[in-house]
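Only one structure is covered here, and it is reproduced in the block below.
Each reported figure results from applying straightforward, stated rules to the coordinates on display, with no laboratory input. Being a predicted model, the structure only gives us computed values, none of them experimental. Don't worry about glycine lacking a Cβ; one is built from the backbone with ideal geometry, like all the others, and counts go over all protein chains shown.
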């Protein structure tokens, strides 16, 4: 499932390829599958709540979109100029492989081209290229040949990468862990709850367009209107040379206190910590101040939603290849399964009252 979800192609605004994979893994484990009008998908597994009051809703969000590009221009010589979808660091892009997907669904291999350092002045060769200096080489002789291949302005360009179990198979390398790992966790939670008793209705949400402004989370949260909304997203890995902040891979659950878009509900965070201690699940805390997550929109929906973020440390996020650890994935799933089993109205109201 992890391989299928992460290798699906779907930059911001083109998430349907990932959504179809998510739907495949939700089917048979949820009572209903729905969508909002930006393409976010949700599968709901009904709880066994009884009485006249509807069951509380718990929604687990992971964003389906990955960083990539859109074709901006086809040059006379056949090279493609692009604009970014999401944040890119150009110094990790040179000579990387990409796939251009045409309107008809044809995939065309390309390489991010550049002027070799041999032909540049030394002071220029040391500088980081601006994105508009790069181009995609698809191996054609002119613009007409590129157009004959089906390429048009606005076509999606996604990163091309393999899924690899590394020397220690607990370390998994692939593209788009930001945030396909969160999508997979949301799906896995409802799959594991299929045979379990739980009072609340549990939603697995694959949101759209997070990398360009948390857009799908806003419409998905409005559509689902959960009582508790939990976002799963990537965070920096600290166990790499030179890193000062972040979380070591293999730490277990990462409880995010705040990021650049949200401050988590403190009572919910404390409760998650209590479950970890009770169940023997390793956990650490994280404060991620430079970026935002889907929580940034979830918590502002309606009159406000009880919310927090759980983070998965990932080495080399926003690059062609990133690395996560199986333990972080598995422990986060275990925590969320246990949490969803416990949610009732008393707990929801306890979280809500903590801000008063």
Check: What share of all Cα pairs of region 200-356, in percent, falls into each consecutive 5 Å distance bin?
Finding: 2, 9, 19, 22, 23, 15, 8, 3, 1, 0
Next item on the list: Starting from the Cα gyration tensor of region 170-230, take the square roots of the eigenvalues, sort them a ≥ b ≥ c, and report rounded, prolate or oblate (rounded when a/c is under 1.5, otherwise prolate if a/b is larger than b/c, else oblate).
Entry: oblate
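Listing 81, 342 from the residue with the fewest other Cβ atoms within 10 Å to the one with the most, what is the order? All intermediate terms of the calculation are to be shown ahead of the outcome.
Details: 81 17, 342 12.
Listed from fewest to most nearby Cβ atoms, that is 342, 81.
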Check: Rounded to a whole number of µm²/s, how large is the Stokes-Einstein D of region 289-347 at 20 °C and 1.002 mPa s, given Rh as the Kirkwood radius over C-alpha pairs?
Finding: 152 µm²/s
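Using Cβ counts within 10 Å as a stand-in for footprinting exposure, how do 235, 219 rank, fewest first?
Working: 235 25, 219 20.
Taking fewest neighbouring Cβ atoms as first place, the list is 219, 235.
Rounded, prolate or oblate: pick one for region 162-285, where a ≥ b ≥ c are the square roots of the eigenvalues of its C-alpha gyration tensor, a/c under 1.5 means rounded, and failing that, prolate if a/b is larger than b/c, else oblate. Working shown, then result.
Details: a/c = 1.36, a/b = 1.25, b/c = 1.09.
Cα axes put region 162-285 in the rounded bin.
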Next item on the list: Quick one: order 99, 336, 2 by neighbouring beta-carbon count within 10 Å, fewest to most.
Entry: 99, 2, 336
Check: To the nearest 500 deg cm²/dmol, what mean residue ellipticity at 222 nm is calculated for the chain from DSSP H runs of n ≥ 4 alone, each contributing -39,500 (n - 2.57), summed and divided by the residues?
Finding: -8000 deg cm²/dmol
Item checked: Spherically averaged projected area of region 69-159 from its Cα convex hull (nm²) -> 5.8 nm²
Notebook entry, point to check: Once the principal axes of the Cα atoms of the chain are found, what is the range along each, listed largest first in whole angstroms?
Noted result: 70, 43, 39
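Please figure out what share of the DSSP beta bridges in the chain is antiparallel and state it in percent, rounded to the nearest 5. Let's see the in-between values first.
Numbers: 42 of 70 bridges.
Of all bridge pairs located within the chain, approximately 60 percent are antiparallel.
Taking the mean number of other Cβ atoms within 10 Å as a proxy for protection, how do you rank 209-215, 23-29, 42-48 from highest to lowest? Show your work: numbers first, answer last.
Working: 209-215: 21.9, 23-29: 15.1, 42-48: 19.6.
Averaged packing, sorted descending, gives the order 209-215, 42-48, 23-29.
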Next item on the list: Compute the acute angle (0 to 90°) between the alpha-carbon long axis of helix 215-224 and the principal axis of greatest extent of the alpha-carbon atoms of the chain; round to the nearest 10°.
Entry: 30 degrees
Check: Considering only DSSP beta bridges whose two residues both sit in region 208-356, what percent are antiparallel, to the nearest 5?
Finding: 25 percent
Notebook entry, point to check: Under a GNM of the chain (C-alpha, springs under 10 Å), which listed residue has the highest mean-square fluctuation: 277, 126, 57?
Noted result: 126
Checklist line | On Cα atoms only, tilt of 177-192 relative to the major axis of the chain in degrees | finding: 30 degrees
Next item on the list: Evaluate region 243-297: find the radius of gyration of its Cα atoms, find its Kirkwood radius, and give the ratio Rg to Rh.
Entry: 0.99
